[in-house]
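Novice: After the structure tokens below, expect a handful of questions from me.
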Amino acid sequence: MAAAFAGAGRQLAPRLIVLGRQGAGKGTQCARLAEQLDVPHLSSGDLFRAEIAAGTKLGGTIGRYVAAGELVPDDIVLDVVAARLGDNARRAAGYLLDGFPRTQAQAQALFEVLGADAAELAIEIDVPADAVLPRLAARRMCIECGMVTNLHTDSSTGRCPACRGFLERRADDHPDAIARRLAVYDEQAPPLLEWLRDQGLLVSVDGRGEPDEVHERLVQAVVSRIPALRVLCRAVAD
Ligand code: ADP
Ligand code: ZN
């Protein structure tokens, strides 16, 4: 699969943004889509959790915002994301941005720094606010491999389906922080989505239903906007 893609030319390496409310299934869908498209999956939340876990001074600062359900300030976000996105050579492999940009200011900064090529498509996974609360309450993360799973499907074992590690509630999945994060999303997302729509980048997909169905909609959104990727998507689907 990767070889077929590489043979199709490097200029095809996709650069995508995926957005969605907390609990929309963004992390799971992004991991799957990034694997299918053979691009690195860059999650700002994962970068921040790694920094917090590393116990650095920066991690301590970030941790206070994350625990409260507040956004990390833009200057810190841009530094951390820029460090991960790396130089031109590294970016040539493409990327799938998950959780960044989260504000209009971040989106504008991304396109100012990287130019029009910063992303060719932004996909919103649309799930109504009342549907995500039960999902967030049941969400658990593996302490070993970081896989995100759900008590409803894994209650029989309480262990990670991938590595059998212990599952725990993410530190910011407590009711106050959940409520705050959803409120922040409702403030920040509309101007961000509108800006992306104005740039001609935005496609919304319905995030309700089974993960396989949502994945299929994401793939359709990608190939309808970037037909060159049809080959890759079909090769994987077959
Ligand atoms: P969720 O979106 O479900 O809250 P994430 O893993 O995407 O989870 O992010 C966790 C936390 O990290 C956010 O609540 C926020 O504090 C911080 N964060 C992640 N991405 C950004 C960003 N682009 N800008 C500001 N803060 C961010
Ligand atoms: Zn695990």
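Any read-out appearing in this document is the output of simple, stated calculations on the displayed coordinates, not a laboratory observation. Here the structure is a predicted model, which means the values were calculated and not measured. Neighbour counts are summed over all protein chains in view; Cβ atoms, including those assigned to glycine, are modelled from backbone coordinates with ideal geometry.
Novice: Arrange 166, 100 by Cβ neighbour counts within 10 Å, fewest through most, would you?
Specialist: Fewest-to-most ranking of 166, 100: 166, 100.
Novice: Subtracting the Cα-Cα distance from 0.36 nm times the residue separation, let me have the gained length for residue 231 to residue 184 in nm, one decimal.
Specialist: 13.1 nm
Novice: Using Cβ counts within 10 Å as a stand-in for footprinting exposure, how do 43, 204, 224 rank, fewest first?
Specialist: In increasing order of surrounding Cβ atoms, one gets 224, 204, 43.
Novice: Shifting gears a bit: Order by neighbour count: 66, 113, 18, 203, fewest other Cβ atoms within 10 Å first, most last.
Specialist: Fewest-to-most Cβ neighbours within 10 Å comes out as 113, 203, 66, 18.
Novice: Can you list residues whose amide H is under 5 Å from residue 19's amide H, if they're 5+ apart or on another chain and H is modeled 1.01 Å from N?
Specialist: Under 5 Å from the amide H of residue 19 lie the amide H atoms of 123, 124, 125, each far enough along the sequence or on another chain.
Novice: In whole Å, what are the Cα extents of the chain along the three principal axes, biggest one first?
Specialist: 45, 41, 33
Novice: Now, a different point. What 222 nm value per residue comes from the helices of the chain, counting each DSSP H run with n ≥ 4 as -39,500 (n - 2.57) and dividing by all residues, nearest 500 deg cm²/dmol?
Specialist: The per-residue figure over the chain is -16000 deg cm²/dmol.
Novice: What is the distance in Å between the Cα centres of segment 125-153 and segment 33-80?
Specialist: Centre-to-centre (Cα) distance: 18 Å.
Novice: Ok, one more. Would you mind telling me the antiparallel percentage of the DSSP bridges in segment 2-222, rounded to 5?
Specialist: Looking only at bridges with both residues in segment 2-222, the antiparallel portion is about 25 percent.
Novice: I want to make sure I understand the PRE zone here: with the label point 7 angstrom from the Cα of residue 148 toward its beta carbon, which residues in segment 42-79 have backbone N atoms less than 13 Å away?
Specialist: 42-49
Novice: Right, next: Given the Cα-Cα distance of residue 133 and residue 206 and 0.36 nm per residue of separation, how much length would full extension add, in nm?
Specialist: Separation in residues times 0.36 nm, less the Cα-Cα distance, equals 24.6 nm.
Novice: Something else: What percent do you get for the relative contact order of the chain when only Cα pairs under 8 Å and 6+ apart count?
Specialist: Relative CO of the chain lands at 29 percent.
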